[in-house]
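The values are calculated or read from the model by the stated rules, or taken from the named source; none is laboratory data. Just so you know, these numbers come straight off a predicted model, no measurement behind them. So basically every Cβ, Gly included, is an ideal-geometry build from the backbone, and we count neighbours across all protein chains shown.
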Amino acid sequence: MPSTSAVVLTAWTAVLLYVFGHYILRKRESRRRNPEGLPYAPGPRQLPFIGSLLDMPRSKSALTYITWKERYGPLTWVVPTGTPHLIVNDYEMMKELFEKRGNIYVNRPKRHIMAALIGAFGVGTPLTQYGPTWRQHRRFLNRALMAPVVKRDYSPVMTRKTLVFLKTLLDRPDDFLIQNKKMMAEMITEIAYGATGDDEDGGHDYVEMQMEMGEITIGVVQGYWVDFLPWMVHIPTWFPFTQWKRDALRWNKEYNFSRDYVFNAVKRKLVSDNLHFSAPFCELTTKDLTARHKRGRNAAFFPGADSVIRLTESLVRTFMLAMSLYPEVQARVRAEVDAVIGPDRFPNIDDRGVDKMPYLEATVLECLRWHPPAQSLIPHLPLTDDAYRGYFIPEGTYVLGNAWQVSRDTRYYADPSTFYPDRFLVADEKQQRLSFNRSVLNPWDFAYGFGRRICPGRELAVQGAWIAVAFILWGFEVKTKGGRTMKDGYKATDEERFNFAFVS
């Protein structure tokens with residue numbers, strides 16, 4: 001019988017041989033994929049086994065990425081536990097990678113907790129991996145969410161919901177944050193599904209179901225330790241510290257029930273001759289989608305509706321904050337609304353345009369720049385190995401663009417932390433009016449993503465926010481509670497104003 005020391009020595013020898021063999025194989029594979037021996041971009045030091053895991057930000061990631069830019073340059077290479085990340089802190093580089101090389105950087109990460117446990121992967125367009133399902137989603141969404149279609153078909157719903165929101169602001173001004181979120185959820189849900197609920201089985205609230213799916217999606221996108229340590233997916237649910245897995249199994253039931261129930265309910269209404277049902281978005285997309293999908297589970301006719309809700313709500317919330325902190329801007333834009341619309345009628349989407357209310361258009365754009373709804377964009381994954389600026393980018397690298405950095409880049413925006421709509425306007429002496437300043441970077445070009453992965457619901461989000469903003473300016477004056485101002489130190493810095501969440 002071998003001694004204990006011999007067993008231990010044999011075990012250690014086997015481990016060392018495995019590690020050495022794995023190292024040799026990885027070196028050979030690296031030489032094959034990167035024959036020129038290009039380096040990776042600079043970044044934090046990698047430790048054995050865990051790589052750069054300890055350097056990954058737990059919160060306010062956009063600010064950490066800017067710190068990395070100052071230390072390592074516009075491209076930062078981070079590898080937590082074997083998953084390579086490339087952080088891009090430069091607008092021109094984002095355009096080069098995500099637009100000009102968009103056929104390469106078109107994939108999305110397959111989050112382990114989402115794919116393996118929740119079963120929601122591939123339903124929402126923003127997170128769907130490149131392939132036939134994603135192309136089909138994009139084809140239908142691009143047709144149903146074009147700017148003229150949004151204006152023609154969806155603006156009546158937006159206006160009606162905004163009027164309800166104004167009444168709530170008048171009655172309960174302290175609840176404006178909750179009511180803003182509710183208004184946007186009802187608005188997008190009714191546009192998507194033609195209703196906000198039904199009376200079957202005691203009644204189901206589509207808005208609540210949609211918001212719950214959104215909470216799940218946002219939580220998953222922000223990431224869990226299992227995303228960096230994939231082996232954790234095999235830990236049993238009874239094991240200590242596995243609440244994340246128990247939550248995921250519960251979310252699986254909630255997510256799939258909500259998605260399937262709403263889809264099947266709307267499908268029944270669309271094919272029924274006995275119900276008067278108006279849902280332009282559904283009518284544009286559902287028949288084709290159901291013809292292509294035999295199972296309702298995969299036929300998500302508004303994939304990503306929860307994302308549009310959050311983007312729209314974030315833009316209106318940013319507007320409210322800006323108006324409370326910059327009363328001189330509010331006074332000027334309210335004067336413009338009063339002059340064009342007056343007190344005898346409500347605003348409507350036909351009032352929109354730089355030729356009609358240029359300062360209002362510039363104010364909405366400045367909201368988008370001052371606080372991009374998603375500071376760190378969803379990662380793009382290259383389909384093949386690539387080289388850029390002398391650096392090697394392996395297939396499957398998580399390539400993230402930092403939209404917050406662009407919004408604070410002094411090469412494009414002077415005094416970027418200040419809310420200043422005039423930056424987007426220039427005097428047109430020939431026509432004696434204001435027009436857009438084309439020399440200033442339009443936040444529309446980066447706030448909603450790039451290339452093939454740009455948000456298809458951006459027009460719906462911005463038009464919905466514009467209607468809400470116009471109505472608020474028409475009916476109210478926005479002030480801070482207690483009359484606090486930035487001169488008193490109230491929300492004087494970006495860190496005090498914003499929470500830097502995934503969608504904040």
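Of the residues making up the stretch 180-195, those that are assigned to a helix (DSSP H, G or I) and in contact with a Phe, Trp or Tyr (Cβ under 6 Å, 6 or more places away or on another chain) number 5. Contact map, the stretch 135-158: residues that are in a helix (DSSP H, G or I) paired with residues that are surrounded by fewer than 22 Cβ atoms within 10 Å (Cβ to Cβ) and of a type in the set (Lys, Arg), Cβ distance under 9 Å, separation 6+ or inter-chain. Pairs shown: GLN136/ARG292; ARG138/ARG452; VAL149/ARG143; LYS151/ARG352. When ALA331, ALA362 are screened for being aliphatic (A, V, I, L, M) and closer than 28 Å to GLY401 by Cβ, only ALA362 passes.
Checking ALA414, ALA447 one by one, the residue that is touching a residue at least 60 places away in the same chain (Cβ under 8 Å) and in a loop (DSSP other than H, G, I, E, B) is ALA447 and no other. Just so you know, in the stretch 202-222 the residues that are surrounded by 18 or more Cβ atoms within 10 Å (Cβ to Cβ) and closer than 30 Å to PRO48 by Cβ include one that is modelled with the lowest pLDDT, and it is VAL221. Please state which one of ALA6, ALA62, ALA11 is of a type outside the set (Val, Ile, Thr) and modelled with pLDDT of 85 or more. Testing whether each residue is of a type outside the set (Val, Ile, Thr) and modelled with pLDDT of 85 or more leaves just ALA62. Within the stretch 417-444, the set of residues being in contact (Cβ under 8 Å) with a residue 40 or more places away in the chain, among the charged types (D, E, K, R) and surrounded by fewer than 16 Cβ atoms within 10 Å (Cβ to Cβ) comprises ASP422, ARG433. SER435 satisfies every condition listed in (1) at pLDDT 90 or above; (2) of a type outside the set (A, V, I, L, M, F, W, C); (3) part of a strand (DSSP E or B); (4) within 22 Å of ASP350 (Cβ to Cβ) except (1). Just one of the listed residues (GLY464, GLY457) is within 30 Å of ILE104 (Cβ to Cβ) and in contact with a helix residue (DSSP H, G or I) (Cβ under 7 Å, 6 or more places away or on another chain), and it is GLY457. The set of residues from the stretch 450-485 being assigned to a helix (DSSP H, G or I) and more than 30 Å from ASP90 (Cα to Cα) comprises ILE467, ALA468, VAL469, ALA470, PHE471, ILE472, LEU473, TRP474, GLY475, LYS481, GLY482, GLY483.
The rows are residues; the columns are (1) touching an Asp or Glu at 6+ places or on another chain (Cβ under 6 Å); (2) surrounded by fewer than 18 Cβ atoms within 10 Å (Cβ to Cβ); (3) of a type in the set (Phe, Trp, Tyr); (4) at pLDDT 95 or above.
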position	(1), (2), (3), (4)
VAL316	no, no, no, no
ALA331	no, yes, no, yes
ALA335	no, yes, no, yes
PRO343	no, yes, no, no
LYS356	no, yes, no, no
GLU361	no, no, no, yes
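Scanning the stretch 357-378 for residues that are in contact with a helix residue (DSSP H, G or I) (Cβ under 7 Å, 6 or more places away or on another chain) and in a helix (DSSP H, G or I) gives TYR359, LEU360, ALA362, THR363, VAL364, LEU365, GLU366, CYS367, LEU368, ARG369, TRP370.
On the stretch given as the stretch 87-129, residues that are at pLDDT 85 or above, assigned to a loop (DSSP other than H, G, I, E, B) and under 27 Å from MET232 (Cβ atoms) total 1.
If you go through the stretch 46-79 one residue at a time, how many are in contact (Cβ under 8 Å) with a residue 60 or more places away in the chain and either surrounded by 14 or more Cβ atoms within 10 Å (Cβ to Cβ) or over 22 Å from the mean Cα position of the chain (by Cα) (or both)? Total satisfying the criteria: 11. When the stretch 331-356 is examined, which residues are found to be more than 22 Å from ASP153 (Cβ to Cβ), in a loop (DSSP other than H, G, I, E, B) and either in contact (Cβ under 8 Å) with a residue 24 or more places away in the chain or of a type in the set (Asp, Glu) (or both)? If the condition is that a residue be more than 22 Å from ASP153 (Cβ to Cβ), in a loop (DSSP other than H, G, I, E, B) and either in contact (Cβ under 8 Å) with a residue 24 or more places away in the chain or of a type in the set (Asp, Glu) (or both), then ILE341, ASP344, VAL354, ASP355 are the ones that fit.
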